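Here the structure comes first, spelled out in structure tokens, and everything after it is commentary.
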Amino acid sequence: MRHEHRFCPHCATPLQLIMAAEDGGDKQRLRCPACGWTHWNNPVPVLAAVIECADRDGQLLLARNAAWPGRMFGLITGFMEAGETPEEGIAREVAEETSLQVDALSLIGVYDFQRMNQLIVAYHARSHGEIRLSPELAEYKLFAPAAVRCWRAGTGFALADWLRTQGHEPQFLDGPPRRP
């Protein structure tokens, strides 16, 4: 997802695609022809959690965002707040969105999600507590790790990688796994 910037935030001049020399060579970016401001359009870091419910026989919690069409269930995700570590951020997101308390976190990996211009930092979150969803989420389902199906996008690859560490060959929604 590209953010559409049309005007310079400093001088309000319409931005233009302008080629300019950068450390890695010439690069075309949205730039202000008046003051030189550049819109870098760098990927946004997003945190994600494969939530294992310790008090529910190790089942995984997947949730459906209220804004999503259809019946797709995914990982709990969110943005870091200024002044927090990624670990603090994902523990906060899990608590805010599900009311679960995180007992332990381990990094699964980092994944690009170019369609949304995001960089996903994914964790395994061993959690406990009563599940109460925030208004951001419409519903949740609990899955045995062997029964969950992965999707072919950033957080789906994170889930697949975690399943492999647990001795499960991931099953994908649309057939045998292949990376883009």
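Once the Cα atoms are used to define both axes, helix 86-98 deviates from the longest principal axis of the chain by about 60 degrees. Note on the chain: Rg/Rh from C-alpha atoms, Kirkwood Rh, equals 1.07.
What is the gain in length, in nm to one decimal, between Glu4 and Leu119 on full extension, counting 0.36 nm per residue of separation less the C-alpha to C-alpha distance?
Details: separation 115, 0.36 × 115 = 41.40 nm, distance 1.87 nm.
Gain in length upon complete extension: 39.5 nm.
Taking every C-alpha pair closer than 8 Å and separated by at least 6 residues, the mean separation divided by the residue count of the range 1-41 gives a relative contact order of 35 percent. The calculated 222 nm mean residue ellipticity attributable to helices in the chain amounts to -4500 deg cm²/dmol, summing -39500 (n - 2.57) over DSSP H runs of n ≥ 4 and dividing by all residues.
The percentage of C-alpha pairs in the range 1-53 whose separation is greater than 18 Å is 45%.
No lab work stands behind these numbers, since they all come straight from the coordinates. Note that the coordinates shown come from a computational prediction; the quantities given were computed from them, not determined experimentally.
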